[in-house]
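Okay, structure first, notes after.
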Amino acid sequence: MGHLDVSEYDLHALVDGQLTGERRHEVMAHLAARPDAAARVAIFTDQRAALAALRESLPDAGTASPLAELGETLGRVVQRQRRVRRAITVAGAAALAVTAWLTPPSRTSRQTSA
């Protein structure tokens, strides 16, 4: 197989470190003879480095993302609001019960007409 049979796949495989032995030498010879292909490999290498840098800048999969943290915080706030509403409802019901218990019954007298 001569270096004229080098495909785009071979160029990407070279950049990804997937070529070994004789095929790697054939692709390297192709690049030495074809500056345009060598320039494409340089671009692919730069893209690979840029993607690796981007991957390093992202949070690890094991750590929570900012959106997940925001969702957890929002969930805690909603739970706290529910507890406060329940407490207000219970306090209001207790106040009504105490008021009803402490208020003497009203005395309405019915007068019967004779």
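Each value in this text was obtained by applying a stated rule to the coordinates, not by laboratory testing. Worth saying up front: this structure is predicted, and the values here are computed from it rather than measured. Counting neighbours? That spans all protein chains shown, and the Cβs are built from the backbone with ideal geometry, glycine included.
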Inter-probe distance in nm under a simple model that places probes 7 Å from Cα toward Cβ, at Ile88 and His25:
8.2 nm
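To one decimal place, what orientation-averaged projected area in nm² is obtained for the convex hull of the Cα set of segment 62-102?
Details: hull surface 11.8 nm².
With every direction weighted equally, the projected area is 2.9 nm².
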